[in-house]
Amino acid sequence: MQQRLEQLKLWLKEESIEAAFINSTENVFYLTNFLTDPHERLMGLFVFPDADPFVVLPGMEARQVKEAGWKDEVIGYSDHENPWDFIKQAIAKRGLTGNKVALEKDVLTYGRSESFLSIFDNAEVVNAEDKLNEMRLIKDKKEIEIMRRAAQMADFGVEVGVHALQEGVTEMEVLAKIEYELKKKGIREMSFSTMVLFGEKAGDPHGNPGERKLKTGDFVLFDLGVVLEGYTSDITRTFAYKSVSDKQREIYETVLQAELASLEASKPGTRIGDLDQIARDIITEAGYGNYFPHRIGHGLGINVHEFPSMSHLNDGILKKGMTYTIEPGIYIPEIGGVRIEDDVLITEDGYETLTKYPKELQIIE
């Protein structure tokens with residue numbers, strides 16, 4: 001935690017930035033080890049190149065941030081108080097005027113931006129997210145270990161879902177079983193809304209589970225992930241129930257081939273956009289290019305969707321310690337869809353899939 005703060009402070013000094021306001025729950029967690037949802041209340045971290053940082057948050061959570069390991073100043077406020085009054089006093093105490101400041105431009109509300117900038121009148125504003133994205137891109141050993149365990153829980157969720165399949169069961173019944181069993185394992189939160197989709201509903205990449213009942217010949221698509229100690233996992237597996245047509249098998253094998261090819265290219269030095277292009281070329285050559293509507297994947301860590309975006313336009317380079325998803329798919333409304341997704345870690349000379357559940361086509365009897 002302290003090392004991350006020092007890295008951010010060094011950047012502020014190098015860029016002649018007098019103050020940074022970090023407002024997102026994810027970045028506050030990354031820099032303080034304190035993870036909470038303040039709801040509508042203000043929570044934030046103020047960092048300066050040559051002055052002590054401070055955290056401002058609802059007073060009811062002041063004890064928790066200290067228990068998380070925060071050693072510097074904590075400003076807690078009550079619901080009837082205006083936190084910006086306390087913030088203004090804390091900044092004045094440090095003798096700061098602020099000709100240049102940093103904010104998370106993509107997440108800070110307009111109203112809070114106005115409040116912050118009223119303290120630093122006429123200051124030049126730069127985006128703090130670019131630096132924080134760069135810092136969070138490479139995971140350390142502790143982060144990787146947590147993500148491995150989160151991926152194991154995602155594997156377990158798929159296993160539970162498979163065992164819950166039977167003729168006539170609904171998507172929501174299977175979803176409830178998955179989340180119930182994960183909670184029994186100590187998982188309090190899913191990293192996004194769990195997807196269990198049957199038949200033609202699997203043809204919608206972001207479909208909504210409902211009362212659709214399972215029938216022979218259906219594709220079954222699971223897309224799920226968990227939050228574990230502040231880090232996320234994300235897995236997709238697709239199965240056939242009791243029987244599979246030649247067309248369904250062709251779709252499945254095409255997606256699997258695309259996923260494996262992108263994984264094979266996952267190693268330090270590879271252009272990120274090439275992972276998308278490799279999979280897209282395979283799917284296009286098989287005649288399904290118009291049915292692969294999304295990028296190959298996304299960064300993964302504290303957020304389930306974080307930097308970088310793994311599109312074919314990304315000229316960034318893969319580096320050891322990066323974590324992301326690979327998830328090609330083909331979606332045909334009248335038939336259904338197939339997506340196969342793994343969580344990937346770039347290693348010294350290749351990759352490791354953190355998610356381990358088998359990917360070969362399985363027909364669930």
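Within the stretch 287-332, being buried (at least 18 other Cβ atoms within 10 Å of the Cβ), of a type in the set (Gly, Ala, Ser) and assigned to a loop (DSSP other than H, G, I, E, B) holds for Gly297, Gly301. For beta carbons closer than 6 Å, sequence separation of 6+ or different chains, a first residue in the stretch 199-227 that is touching a residue at least 40 places away in the same chain (Cβ under 8 Å) and a second that is surrounded by fewer than 19 Cβ atoms within 10 Å (Cβ to Cβ) and polar (S, T, N, Q), the qualifying pairs are Glu211/Thr170; Lys213/Thr170; Thr216/Ser243.
Quick check: anything in the stretch 73-92 within 24 Å of Leu137 (Cβ to Cβ), at pLDDT 95 or above, out of contact with any Asp or Glu (no Cβ under 6 Å at 6 or more places or on another chain) and aliphatic (A, V, I, L, M)? The answer is no; no qualifying residue exists. Cβ-Cβ contacts under 9 Å between residues 6 or more apart (or on different chains), taken from a first residue in the stretch 46-63 that is at pLDDT below 95 and open to solvent by 10 Å² or more (accessible area, probe 1.4 Å) to a second residue that is part of a strand (DSSP E or B) and of a type in the set (Ser, Thr, Tyr), are absent. Scanning the stretch 127-143 for residues being of a type in the set (A, V, I, L, M, F, W, C) and crowded, with 18+ Cβ neighbours inside 10 Å gives a total of 3. Of the set (1) of a type outside the set (Lys, Arg); (2) under 21 Å from Asp130 (Cα atoms); (3) under 28 Å from the mean Cα position of the chain (by Cα), all apply to Ala62 but (2).
A residue that is free of Cβ contacts under 8 Å to residues at least 40 places away in the same chain and open to solvent by less than 10 Å² (accessible area, probe 1.4 Å) occurs nowhere in the stretch 340-361.
Under the condition of being touching a residue at least 60 places away in the same chain (Cβ under 8 Å) and not polar (S, T, N, Q), which residue from the stretch 261-279 is least open to solvent (accessible area, probe 1.4 Å)? Residue satisfying both the conditions and the ranking: Leu263. Each residue in the stretch 199-230 was checked for being among the acidic types (Asp, Glu), open to solvent by less than 40 Å² (accessible area, probe 1.4 Å) and part of a helix (DSSP H, G or I), and 0 pass.
Tally the residues that are in a helix (DSSP H, G or I) and crowded, with 21+ Cβ neighbours inside 10 Å, restricting the search to the stretch 170-198. Selection size over the stretch 170-198: 5.
So, Leu12, is that one crowded, with 18+ Cβ neighbours inside 10 Å and within 15 Å of Gly98 (Cα to Cα) or not? Considered against the rule, which asks whether it is crowded, with 18+ Cβ neighbours inside 10 Å and within 15 Å of Gly98 (Cα to Cα), Leu12 comes out as yes. When Phe46, Phe116 are checked against the criterion of being in contact with a strand residue (DSSP E or B) (Cβ under 7 Å, 6 or more places away or on another chain), outside any loop (DSSP other than H, G, I, E, B), aromatic (Phe, Trp, Tyr) and more than 21 Å from Gln7 (Cβ to Cβ), a single residue qualifies: Phe116. Among residues belonging to the stretch 80-106 that are open to solvent by 70 Å² or more (accessible area, probe 1.4 Å) and not in a helix (DSSP H, G or I), point out the one that is farthest from Asn133 (Cα to Cα). Among them, the one singled out is His80. Residue selection: Ser24 satisfies the criterion of being among the hydroxyl-bearing types (Ser, Thr, Tyr) and closer than 18 Å to Ile302 by Cα. Return yes when Asp155 is crowded, with 16+ Cβ neighbours inside 10 Å, acidic (Asp, Glu) and under 20 Å from the mean Cα position of the chain (by Cα) and no when it is not. Judged against the criteria, Asp155 is a match. If you go through the stretch 22-40 one residue at a time, do you hit one that is at pLDDT 95 or above, in a strand (DSSP E or B) and not aromatic (Phe, Trp, Tyr)? Yes: one or more hits. Within this structure, Glu167 fails the test of being of a type in the set (D, E, K, R), open to solvent by less than 50 Å² (accessible area, probe 1.4 Å) and at pLDDT 95 or above.
The values are calculated or read from the model by the stated rules, or taken from the named source; none is laboratory data. As the structure is a prediction and not an experimental result, all values here were calculated from the model. Neighbour counts run over all protein chains shown; Cβ positions are idealised from the backbone, glycine included. When the accessible area is computed, the model is the full protein with side chains, heavy atoms only, and any ligands, DNA or RNA have been set aside. Shrake-Rupley method; radii C 1.70, N 1.55, O 1.52, S 1.80 Å.
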